[in-house]
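Read through the structure below, which is laid out as structure tokens, and then see the notes.
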Amino acid sequence: MKPVIHFLGENCKNCIKCVKSCPTEAISLINGKVMIDDAHCINCHVCVQSCDYKQLKIREVNLEKAFQEHEYNIALIPTSILSDFKEFNELKEFVYAIKKFHFDEVVQYSDIEGELYHQAMIDSLKADKVMLTSFCPTINRLIKREYPTLLDHLLPYDYPVEIAAKRLRKSIRTRILVFFHFVNVLENSL
Ligand code: SF4
Ligand code: SF4
């Protein structure tokens, strides 16, 4: 994995909260400096949230550059985000705010998620062991790294967001940027 967490350092208090918070023991404090083992990092951002002194930062995606390099920019929003809004107007404002940020379109993909959950129920009932689904890459990386015995129990589906991105690329015959979860960028030239 590419390095995602950046240690700023100037105001680090050596409190080791970040070290203790990391679920994969990817962080160590060496000679007063926080070191991150990128090979073990699963990109969960827990350490960033745990630091009271804002000394850890998620590396930023250069969106401006990505926008310039693509003719059409789409933001994909997961269904889970919908539960954060108390009323429809709040959701509308959120969508308008994203569009102001140079996105041409905002797309949700609850239909794909619904189909996959339905399929998961069917496949789980057919299986002779307990099956799991996770549509979160971070959780899956955690399982792979820390609980490998569970790998056999994971249903082998593509991520809904990737299916949604593929569907959009097929339907929009131009060079598009698909941006999702506000962290990851998928790029494609069709
Ligand atoms: S939690 Fe923040 S202040 Fe504490 S050791 Fe980690 S980076 Fe430094
Ligand atoms: S992002 Fe998560 S896995 Fe990576 S160093 Fe921070 S806490 Fe550990």
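The values are calculated or read from the model by the stated rules, or taken from the named source; none is laboratory data. Bear in mind that the values here come from a model prediction, so they are computed numbers and not experimental data. So basically every Cβ, Gly included, is an ideal-geometry build from the backbone, and we count neighbours across all protein chains shown.
Miscellaneous remarks
- Near pairs, Cβ below 7 angstrom, 6+ apart or cross-chain, from the stretch 50-70 (within 29 Å of ILE27 (Cβ to Cβ)) to any residue that is part of a loop (DSSP other than H, G, I, E, B) and more than 16 Å from ligand 2 (Cβ to nearest atom): TYR53/ASN11; TYR53/LYS13; GLN55/ASN11
- Here ASP37 passes the criteria (1) without any contact (Cβ under 8 Å) to a residue 40 or more places away in the chain; (2) more than 10 Å from ligand 2 (Cβ to nearest atom); (3) of a type outside the set (Phe, Trp, Tyr) except the one numbered (2).
- Filter result for LYS20 (loosely packed, with under 13 Cβ neighbours inside 10 Å and charged (D, E, K, R)): yes
- HIS102 meets each of the listed conditions (1) part of a loop (DSSP other than H, G, I, E, B); (2) exposed (fewer than 13 other Cβ atoms within 10 Å of the Cβ) apart from (2).
- Those residues of the stretch 15-35 which are in contact with a helix residue (DSSP H, G or I) (Cβ under 9 Å, 6 or more places away or on another chain) and more than 7 Å from ligand 1 (Cβ to nearest atom), in sequence order: LYS20, SER21, CYS22, PRO23, THR24, GLU25, ALA26, ILE27, SER28
- Checking the stated criteria, CYS12 turns out not to satisfy the condition of being assigned to a helix (DSSP H, G or I), within 16 Å of ligand 1 (Cβ to nearest atom) and surrounded by 15 or more Cβ atoms within 10 Å (Cβ to Cβ).
- Considering residues of the stretch 56-71 that are modelled with pLDDT under 85 and outside any loop (DSSP other than H, G, I, E, B) only, the residue nearest to the chain's Cα centre (by Cα): LEU63
- ILE112 among the β-branched types (Val, Ile, Thr), surrounded by 13 or more Cβ atoms within 10 Å (Cβ to Cβ), part of a helix (DSSP H, G or I) and in contact (Cβ under 8 Å) with a residue 24 or more places away in the chain: yes
- Per the listing ASP38, ASP52, the residue uniquely over 15 Å from ILE5 (Cβ atoms), part of a loop (DSSP other than H, G, I, E, B) and either at pLDDT 90 or above or away from ligand 1 (no atom under 12 Å from the Cβ) (or both) is ASP52.
- Pair list, Cβ under 8 Å, 6 or more apart: the stretch 116-138 residue polar (S, T, N, Q), other residue loosely packed, with under 10 Cβ neighbours inside 10 Å: SER124/VAL130
- The stretch 18-35 - residue that is β-branched (Val, Ile, Thr) and not in a loop (DSSP other than H, G, I, E, B) and, of those, farthest from the chain's Cα centre (by Cα): ILE30
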